[in-house]
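Worksheet: one structure, shown below.
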Amino acid sequence: MPLRGPTIRRRGPAPAPNKVDALFKNRQTLNFDQNTGFHGGPSARRKGSRLAAWSLIASFVDLLILISISCIFILAFSFIVKSSMGSLVGGLIKNHHQTLFFIEVFCVSAWLYTVCTRTLMGATIGEWACDLRLGQPQQRMHSSYLLKVVLRSTLIVATGFITLPLLSLIIGKDIPGVFTGLRLFSLK
């Protein structure tokens, strides 16, 4: 007969039920496309005026970012002007009206911001927050994508930021996208 050790009986609470099973008791309410944002087929994505309205909301978010970037550029520029090398640049700025100088810095910042973020990420931060993307993924892989982004950003900055987006909202089409061949697309 084999030797057995002493048997220990525990008193206390019963072992805890399996918590993973408790989390997924009601699996019928889980819906893959609702929880992940994935749509497996044709869906009612934002188009026309709804897309233009969301584009304006994205532009407002980008406007707030651009104002802060412009202020940082002007602050950095003022430090350069106060330095010994700034005496060369200081004469140019003193003759410039301050409001005009801010508008110029803002336009250059806006152009750089939109070209850089759209080229690297396919959307600005405002467009990303509103689930908008510039161009289809296959368009972003072509070498002409950068040229189209530059053309689209230049067109929007040259028309004063408001003209083309407002006209797009009224007509219900992405007018800069029609001119450049690079349209905004909604992910939802």
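Using a probe of 1.4 Å, the accessible surface attributed to F185 totals some 70 Å² when neighbouring protein chains are kept in position.
For I103 and F73 in the same chain, what is the full-extension length gain: residue separation times 0.36 nm, less their Cα-Cα distance, in nm?
That works out to 9.6 nm of additional length.
Extension gain, T159 to M141: 0.36 nm times the residue separation minus the Cα-Cα distance gives 3.7 nm.
The values are calculated or read from the model by the stated rules, or taken from the named source; none is laboratory data. Keep in mind that what you see is a predicted model, and the values were worked out from it rather than measured. Each accessible area value is taken on the protein alone, full model and side chains, heavy atoms only, with ligands, DNA and RNA left out. Shrake-Rupley method; radii C 1.70, N 1.55, O 1.52, S 1.80 Å.
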